[in-house]
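Participant: Starting off with a structure, shown below.
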Amino acid sequence: MQQPRWRGRIFLLATGRELTRSRGAGGCARVKRSFWRSAGILLLGAVLGTIAGQLLAPRLPVLTKTVHVSWHPQVDVGVVSLSIALVLRVNWLTLVGAVAGWLAARKRKP
């Protein structure tokens, strides 16, 4: 018996795009995720820009100005107490790296 043409494809109703599925090792279905790849490239550009900004800050006085964005989530449920301190340092090269990552992600899309 012949398989239907639509079998093995997913139609996203929200975007109207079609994602293809391929069978990998072990029979698991893998879906192409261009959004997560683009977000990863954008994040990688921002992180590399931040590192470059921190390394070049002593030589270029423009890069010495950074904005610290901090968030301190805490939870205490009696048995477990959790406290996390997240600090994000944003400078000019962070923004340049994020824009470069965004451009690289756009260029990479078919």
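Bear in mind that the values in this text are calculations on the coordinates, not laboratory data. For clarity, every value in this text was computed on a predicted model and none was experimentally measured. Please note: Cβ atoms are built from the backbone with ideal geometry, for glycine as well, and neighbour counts cover all protein chains shown.
Participant: Using a 10 Å cut-off on Cβ atoms, rank the peptides 81-94, 37-50, 59-72 from the highest mean neighbour count down.
Facilitator: 37-50, 81-94, 59-72
Participant: Convert each backbone phi in region 77-94 into a coupling constant with the Karplus relation 6.51 cos²θ - 1.76 cosθ + 1.60 (shift: θ = phi - 60°), then list the ³J(HN,Hα) values in order as whole Hz, x for Gly and Pro.
Facilitator: For region 77-94, the Karplus curve yields 10, x, 8, 10, 10, 10, 9, 10, 10, 10, 10, 10, 9, 10, 10, 5, 6, 4 Hz.
Participant: Round to the nearest 0.05 the FRET efficiency obtained for ALA85 and LEU55 when R0 = 22 Å and r is the Cβ-Cβ distance. Intermediate results must be reported in sequence, preceding the final value.
Facilitator: Values: r = 23 Å, r/R0 = 1.06.
FRET efficiency, ALA85 to LEU55: 0.40.
Participant: If R₀ is 25 angstrom, what is the calculated FRET efficiency for the pair ARG106 and VAL62, using the beta carbon separation as r and rounding to 0.05?
Facilitator: 0.40
Participant: Could I have the simple spin-label model distance between VAL99 and VAL77, label points 7 Å from Cα toward Cβ, reported in nm to one decimal?
Facilitator: A separation of 4.4 nm, rounded to one decimal place.
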